[in-house]
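Colleague: Submitted below is the structure of interest, expressed as structure tokens.
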Amino acid sequence: MSVPPYHPAGSSPARIDLHAHSTASDGTLTPSDLVVAAVDAGLDVVAITDHDTTAGWAPAVAARPAGLTLVRGAELSCRWYGVEPSISLHLLAYLFDPTEPSLVAELARLRAARELRAERIVDRLRADGVDVTWDEVLRYAAGGSVGRPHIAQALIRAGLVATTTEAFAPHWLGDRYRLPKDDMDVFTAVRLVRAAGGVPVFAHPRASRRGRVVPDAVIVELAAVGLFGLEADHEDHSPDERAHVRALAAELGLVVTGSSDFHGTNKTVRLGAHTTAPEVYERIVAAASGVPAV
Ligand code: AMP
Ligand code: FE
Ligand code: FE
Ligand code: ZN
């Protein structure tokens, strides 16, 4: 698939951020505000990668300012079942065919699992006398993929925490009220994304501060079934973790990306805080056959 002209010849290197969330999941900017914010942040390319949904694609395409290239993607909730208890992980998927039936079905199942889990978390909070309601959480999710940040908003509204970060402390959503959800086997996910013409990149693979991470041996096996890249430059990676991810990618012939994982005011990171090299972006686009970058 050809690469659209995403920055004028002779200008400074393109600024490319391949991981951003909108109100279609747990970001706070609408898809149309996100593409405008991308231009304001000086980006030439932005990817919309909401959790388990493509619902933000159409409004983002419709609002895309001239001069900005939009990469349509998603961040899939996955799990590695090689240990007990299994480990959750996130797979970025770029430029896949959003009508591919198995992938469509899996995304719907993942969103339903998110609702179920969030409702159980709310039940548990309420059982402990915490004044949050399922109705308000659904309202904060505004029809998008429900996630813990929406429950965090309820905790903030109830005056129990001041920020989303505080809501993710161990005694709240970080551990005590963290329940597992029914995710997708990561090997199945990589194959499904590829079958839909998409390009799978492992999001923040070493972000140990979020919980347990999968061993490198799993990444070696994922590369063998079609994983295309690893996200190295990410807010949740220490310098050592970034270096480790780069070395592993080099060893396996995977590309490395950098991205903000922007969530609007649900996180402190700014759009474009980390970026991906133009050569890597071009390889991702060239490897995709689902939908074009626009
Ligand atoms: P969930 O997808 O429902 O499991 O919730 C995970 C989401 O919560 C991530 O995608 C982030 O958007 C957000 N998140 C995770 N950890 C934190 C944190 N420490 N502070 C703020 N947001 C977080
Ligand atoms: Fe998120
Ligand atoms: Fe993630
Ligand atoms: Zn993300």
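The values are calculated or read from the model by the stated rules, or taken from the named source; none is laboratory data. Note that this is a predicted model, so its numbers are computed, not measured. Don't worry about glycine lacking a Cβ; one is built from the backbone with ideal geometry, like all the others, and counts go over all protein chains shown. The accessibility values were calculated without ligands, DNA or RNA, using every heavy atom of the protein model including side chains. Shrake-Rupley method; radii C 1.70, N 1.55, O 1.52, S 1.80 Å.
Colleague: Quick one: GLU241 ticks every box in (1) more than 18 Å from VAL213 (Cα to Cα); (2) within 19 Å of the chain's Cα centre (by Cα); (3) not aliphatic (A, V, I, L, M); (4) not in a loop (DSSP other than H, G, I, E, B) bar one, so which box is it?
Modeller: Just one mismatch for GLU241, condition (1).
Colleague: Only one of LEU89, LEU68, LEU34, LEU76 is of a type outside the set (Gly, Ala, Ser), surrounded by fewer than 24 Cβ atoms within 10 Å (Cβ to Cβ) and at pLDDT 95 or above. Can you tell me which?
Modeller: LEU68
Colleague: Among helices (runs of 4 or more DSSP H) lying entirely in the stretch 81-168, which contain 1 or more residues that are in the same structural domain as VAL71 (by TED's automatic domain parsing) and hydroxyl-bearing (Ser, Thr, Tyr)?
Modeller: Of the helices (runs of 4 or more DSSP H) lying wholly inside the stretch 81-168, those with at least 1 residues that are in the same structural domain as VAL71 (by TED's automatic domain parsing) and hydroxyl-bearing (Ser, Thr, Tyr) span 101-127.
Colleague: Can you spot a residue in the stretch 239-260 that is within 16 Å of ligand 2 (Cβ to nearest atom) and either buried (at least 24 other Cβ atoms within 10 Å of the Cβ) or under 30 Å from THR99 (Cβ atoms) (or both)?
Modeller: yes
Colleague: Could you please let me know if THR165 is polar (S, T, N, Q), closer than 22 Å to ASP52 by Cβ and either modelled with pLDDT under 95 or open to solvent by 70 Å² or more (accessible area, probe 1.4 Å) (or both)?
Modeller: No; evaluated as a whole, the condition is false for this residue.
Colleague: Could you list all residues from the stretch 198-226 that are within 16 Å of ligand 2 (Cβ to nearest atom), open to solvent by less than 10 Å² (accessible area, probe 1.4 Å) and over 22 Å from VAL280 (Cα atoms)?
Modeller: Result: no residue meets the conditions.
Colleague: Next question, about the same structure. What pairs come up if the first residue lies in the stretch 49-78 and is in a strand (DSSP E or B), the second is open to solvent by 40 Å² or more (accessible area, probe 1.4 Å), and their beta carbons are under 6 Å apart, counting only those six or more places apart or on different chains?
Modeller: Pairs that qualify, where the first residue is in a strand (DSSP E or B) and the partner is open to solvent by 40 Å² or more (accessible area, probe 1.4 Å), are LEU70/ARG64; LEU70/VAL294.
Colleague: For the stretch 37-50, give me each residue that is open to solvent by less than 10 Å² (accessible area, probe 1.4 Å) and touching a Ser or Thr at 6+ places or on another chain (Cβ under 7 Å).
Modeller: VAL45, ILE48, ASP50
Colleague: Quick one: in the stretch 232-262, which of the residues that are out of contact with any Leu (no Cβ under 9 Å at 6 or more places or on another chain) and in contact (Cβ under 8 Å) with a residue 40 or more places away in the chain is farthest from ligand 1 (Cβ to nearest atom)?
Modeller: The qualifying residue farthest from ligand 1 (Cβ to nearest atom) is ASP233.
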